[in-house]
Structure formats: C-alpha cells, structure tokens
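K.L.:
I'd like to ask you about the structure that follows.
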Amino acid sequence: MTDFLVWGGGGHGKVVADLVRAAGHRLAGFVDRDPAKRGKVVEPGGATVVADEDELLDAIRRAAPLPAGAGAVALAVGDNAQRARCLAALGDTPCPPLVHPTATVSPSATLGRGTVVFPRVVVNAAARVGEAVIVNTAAVVEHDCVVGHGAHLSPMSSLCGNVHVGHRGWIGAGATVVPGVRIGDDARVGAGAVAVRDVPEGATVAGVPARPLVRTSNDQPT
C-alpha cells in the first residue's frame with residue numbers, strides 16, 4: 001500500500017482518487033496549480049489540496065520528500081499535452097500505472113508509467129498502452145493495439161484489433177476505430193464516431209463513418 005498524491009484537483013481528480021483507493025492504496029491529498037486552493041476539499045467529505053504544483057516540483061528538484069509524506073503521484077490532468085508534460089516533470093518520482101480491480105488487462109499487454117485504467121476497461125492480448133494515458137470507463141483496447149503517450153480513450157470507446165493511436169490522440173465517448181486504422185498524433189475522433197480510415201496528425205473527425213470536420217470562415221467546427 002502506497003500513499004499517493006493526485007496531481008489535479010478538478011473533476012478528473014475525483015475519479016482518479018477513487019481509482020487510487022480501489023487499487024488498494026491510500027490518498028495523501030491533491031496537488032493543484034492554483035495556490036489559493038490549498039486546504040480546499042476536492043471530494044465531498046474527502047481529501048483536500050495539500051500542495052500546489054510549484055511546491056511539488058521544488059521537492060522533486062531538491063530530491064526532498066513529497067508533500068504530505070506521499071510515496072507516489074497519480075496524474076489527474078485532463079489535457080493530454082499538459083498531462084504528458086507533468087509526467088516528464090516528475091523525473092524519477094514514482095508514478096506507476098493504476099488499474100481498477102474491475103478492469104481486465106491481458107498478461108501480455110503493457111501499460112506505461114502514469115497511465116490510469118478505469119472500471120470495466122478491457123485491454124486485450126499484446127496491446128501496448130503508453131505513458132500518461134487515460135483509459136476511461138468501459139473502454140476496450142483490442143489485441144495488438146498501440147496507444148501513444150498522453151492519449152485519452154473516453155468512456156465506452158472501442159479500439160478494434162491492431163489500431164494505432166498516436167501521442168496525445170483523443171478518442172471520444174462511444175467512438176469506434178475499426179481494425180488496422182491509424183489515428184495520428186494529436187488527432188481527435190468525435191464522440192460516437194466510427195473511424196474506418198486513417199486520421200492524419202492533428203485532424204478532427206466525427207460522424208458515421210467519420211469524416212473531417214468542415215470549418216467555417218470564423219474557424220469554428222460545424
């Protein structure tokens with residue numbers, strides 16, 4: 001059993017705190033970028049913000065003990081790029097993957113540092129999930145998939161066999177990516193979409209079948 005700091009005091013921090021406890025660990029408290037939130041309760045009746053980001057990073061730079069006597073950090077930053085930067089800033093600080101006990105992860109699958117796997121997820125044989133990835137509630141990662149660092153697989157999304165999701169990619173809630181399709185770095189697949197062909201780096205697709213979003217003159221997606 002390890003005492004964890006949860007880095008991120010927003011809504012995602014609440015569910016990561018639940019994951020920490022479900023995985024058999026203790027919650028030492030939250031870290032938030034806003035110093036004014038110190039002492040604020042994040043969960044109803046639960047833990048508080050015990051440090052801000054600067055305090056955490058200063059302790060890491062000085063090789064000092066982590067705030068609140070914690071032994072590890074769990075990432076709870078929703079933005080993909082920022083979450084990846086947070087992991088890099090931790091250096092060698094322990095930040096192991098966390099798996100909910102109701103999730104199913106194949107013995108031949110791999111999970112990277114800082115990754116969180118939520119309830120009822122399935123990660124099947126030979127799948128490779130990178131660092132700082134969110135595999136959200138009831139998502140499916142089928143055999144031989146590769147999920148890049150900092151990606152987010154939203155609730156009930158499905159990656160069929162041999163799908164590749166690039167670094168910081170986002171697969172929306174209930175979306176499906178059919179076998180063999182590649183989703184580029186920083187690409188986004190909208191909620192409920194079905195991606196039947198490759199999605200280029202940085203592109204956003206939506207619909208069934210998924211197509212690139214058309215942008216109007218004021219650059220707002222339609």
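K.L.:
As a test of the definition: which semi-axes, in Å, follow for the chain when you take the square root of five times each eigenvalue of its alpha carbon gyration tensor? Largest first, please.
P.N.:
Details: eigenvalues 195, 77, 44 Å².
The three semi-axes for the chain are 31, 20, 15 Å.
K.L.:
Sort the following peptides by mean Cβ neighbour count (other Cβ atoms within 10 Å, averaged over residues), highest first: 163-176, 46-59.
P.N.:
Packing proxy ranking, top to bottom: 163-176, 46-59.
K.L.:
Over the range 98-222, what number does the Rg to Rh ratio reach, with both radii from the alpha-carbon atoms and Rh per Kirkwood? The partial results should precede the final answer.
P.N.:
Numbers: Rg = 13.8 Å, Rh = 14.0 Å.
So for the range 98-222, dividing Rg by the Kirkwood Rh gives 0.99.
K.L.:
What per residue convex hull volume, in Å³, do the alpha-carbon atoms of the range 3-89 yield?
P.N.:
On the way: hull volume 7.5 nm³, N = 87.
Hull volume normalised by residue count: 86 Å³.
K.L.:
Dipole of the range 98-222, Cα-centred, from +1 at each Lys and Arg C-beta and -1 at each Asp and Glu C-beta, to the nearest 20 debye?
P.N.:
With only Lys, Arg, Asp and Glu charged at Cβ, the dipole is about 140 debye.
K.L.:
About the Cα centre of the chain, what is the dipole size in debye to 20, counting +1 per Lys and Arg Cβ and -1 per Asp and Glu Cβ, all else neutral? Display every interim value, and only then the final one.
P.N.:
Details: 20 positive and 20 negative charges, 57 e Å.
For this selection, approximately 280 debye.
K.L.:
Give the residue from 59, 39, 114 lying farthest towards the positive end of the charge dipole for the range 1-131; charges sit on Cβ (+1 for Lys and Arg, -1 for Asp and Glu) and the dipole is referred to the Cα centre.
P.N.:
Towards the positive end, the residue furthest out is 114.
K.L.:
Another question about this same structure. What is the gain in length, in nm to one decimal, between residue 197 and residue 59 on full extension, counting 0.36 nm per residue of separation less the C-alpha to C-alpha distance? All intermediate terms of the calculation are to be shown ahead of the outcome.
P.N.:
Numbers: separation 138, 0.36 × 138 = 49.68 nm, distance 4.58 nm.
Computed gain between residue 197 and residue 59 is 45.1 nm.
K.L.:
Taking 0.36 nm per intervening residue step and subtracting the Cα-Cα distance, what contour gain separates residue 85 from residue 40 on full extension?
P.N.:
Numbers: separation 45, 0.36 × 45 = 16.20 nm, distance 2.48 nm.
Here the answer is 13.7 nm.
K.L.:
Given only helices, namely DSSP H runs of n ≥ 4 each adding -39500 (n - 2.57), what is the per-residue ellipticity at 222 nm of the chain, to the nearest 500 deg cm²/dmol? Present the calculation step by step, with values, prior to reporting the outcome.
P.N.:
On the way: 3 runs with 31 residues, N = 222.
Per the formula, -4000 deg cm²/dmol.
K.L.:
Also: Tell me which of 50, 72, 155 sits at the most positive position along the dipole axis of the chain, charges placed on C-beta atoms (Lys, Arg +1; Asp, Glu -1).
P.N.:
Checked the options; the winner is 155.
Laboratory data are not the source of any read-out in this text; all were calculated from the coordinates shown. All of these numbers come straight from a predicted model, not from anything done at the bench. Please note: Cβ atoms are built from the backbone with ideal geometry, for glycine as well, and neighbour counts cover all protein chains shown.
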